[in-house]
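These notes concern the structure reproduced below.
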Amino acid sequence: MEMNGKEEQWKFKGNEELNKSSLSVRGTLSLLSKHLNADDPRPVVPFGLADPSVYPSFRTSPSFVQPLVDAVNSGSFNSYPSSHVILPARTALAEYISKNLAYQLSPEEVFLTIGCSQAIEAIISVLSRPAANILLPRPFFPLYKSRADFQRLEVRHFDLIPEKNWEVDLEAIQALADHNTVAIVVINPNNPCGSVYTYHHLKQIAETARKLGVFVISDEVYAHIAFGKKPFVPMGEFGSIAPVLTLGSLSKRWSVPGWRLGWIVITDPHGTLEKHGIVESIRNYLNITPSPPTFIQAALPQILAQPSDEFFSDLLGLLRENANILYEKMNEIPCFTCPNRPEGSMLAMVKLNLEQLEGISDDLDFCNKVAKEESVLIIPGSAVGMNNWLRLSFGIERCSIEDGAARLKAFYERHARPNNAAAAPLVE
């Protein structure tokens, strides 16, 4: 800019570190959406977004909505919330989570957050100090890496093993850790793999954490969304072996991600996290950040108290059926391999067999072209740490999964290399 023949020297500029660490599902979908063909009359198949709440068959129960309506209509919850959170909300959540633990949590061990995203931001901020590092699974939920990169907290990746139902590579964890390692992130039920960990495997993770002198960050946003042979086991069950910070939310199980109500729960009967200042740091971080809306906190005790077995059972039934359809349909197309039938969450990882395709260079190229040609949105595996894989959500309507699979098959047939072999049999 020039004024009076002289160039103005503005003293501000954007944060380049933020620009480098902006990896997210939302951002990836936004970029992929630019490749959609506006002239295609077909509806977009949204394999990229794990938000079933927009579909009638996944709509939340009216019994969960009514406490929220009552809280708003009461006129008693239009003010700022009291310090941290309203005590009855913390008490109700402590009691609710304690039902699946061997000991009783106190309200002081519960912090409410604006969705699980704020919980992740809080924990990453608390752990960020010079030279510290955390261990993050690969594939991963992108927000962990983005926040860590922005906070300059080093991330070291351990692999989840497809051949073992995406179990944690415990040997890799021990090889990666050093005296600056502070925590291990575990996501169960897993996003993005759709796996559910056994009691034995979770205990092994806790024992490994204890051996390394670190605590476990257990992301349980998909808690209880387990519809295979393995039941959901909370990581907090092993808090006496190694300290556990459990992150969760109403978003998935209650099918209300827009309500933005999450939590951090401390399962640490020996008080190790308190002794080392982690709990105080969480408390102080949340003191300088926004709290969840007061009326949602006020409604939480009644939401948790509502009869819910029928709704949760129906939700699991829908997801089980959709997971089976996605698994079978993907393995019928030669350019895909879904190594494991999903048993939890609402996501699956599918390997992209590039040798079966002509004119496709990698997973991002595939996703761009399938968006343009078939109006199908899929998250490339590179966005979650695994090149030439794909992340697909089955938290959509069954008809959309079947339609999407048909379009992907048509895409394959147009781009198949000549003389390709027939599709491989299903892999379990």
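The values are calculated or read from the model by the stated rules, or taken from the named source; none is laboratory data. Everything numeric here is computed off the predicted structure, so don't read it as measured data. Backbone-built Cβ (ideal geometry, glycine too); neighbour counts: all protein chains shown. In case anyone asks, the SASA skips ligands and DNA or RNA and just uses the protein heavy atoms, side chains included. Shrake-Rupley method; radii C 1.70, N 1.55, O 1.52, S 1.80 Å.
Computed values, structure above
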{"item": "Number of positions in region 251-269 that are of a type outside the set (A, V, I, L, M), under 18 Å from ASN191 (Cα atoms) and either assigned to a loop (DSSP other than H, G, I, E, B) or open to solvent by 30 Å² or more (accessible area, probe 1.4 Å) (or both)", "result": "5"}
{"item": "Top-ranked residue of region 336-358 - restricted to ones that are surrounded by 21 or more Cβ atoms within 10 Å (Cβ to Cβ) and free of Cβ contacts under 8 Å to residues at least 60 places away in the same chain, ranked as nearest to PHE411 (Cα to Cα)", "result": "LEU352"}
{"item": "Selection within region 191-206 - under 16 Å from LEU245 (Cα atoms) and touching a Leu at 6+ places or on another chain (Cβ under 9 Å)", "result": "ILE205"}
{"item": "Where ILE288 falls short, out of the listed (1) free of Cβ contacts under 8 Å to residues at least 40 places away in the same chain; (2) more than 22 Å from ARG260 (Cα to Cα)", "result": "(2)"}
{"item": "Residue count, region 306-334 (criterion: part of a loop (DSSP other than H, G, I, E, B) and under 18 Å from TRP254 (Cβ atoms))", "result": "3"}
{"item": "Which numbered condition LEU377 fails, given (1) farther than 22 Å from ASN165 by Cβ; (2) within 21 Å of the chain's Cα centre (by Cα); (3) open to solvent by 30 Å² or more (accessible area, probe 1.4 Å)", "result": "(3)"}
{"item": "Residue match in region 119-141 (condition: under 21 Å from the mean Cα position of the chain (by Cα) and aromatic (Phe, Trp, Tyr))", "result": "yes"}
{"item": "Selection from region 270-309 of residues that are crowded, with 18+ Cβ neighbours inside 10 Å and among the aliphatic types (A, V, I, L, M)", "result": "LEU273, ILE278, VAL279, ILE282, LEU286, ILE296, ALA298, ALA299, LEU300, ILE303, LEU304"}
{"item": "Among (1) modelled with pLDDT of 95 or more; (2) open to solvent by less than 30 Å² (accessible area, probe 1.4 Å), the one test that ALA50 misses", "result": "(1)"}
{"item": "Residue pairs meeting the criteria (Cβ under 8 Å; at least 6 apart or on separate chains; first in contact (Cβ under 8 Å) with a residue 40 or more places away in the chain, in region 154-167; second open to solvent by 60 Å² or more (accessible area, probe 1.4 Å) and assigned to a strand (DSSP E or B))", "result": "HIS157/ARG138; PRO162/LYS351"}
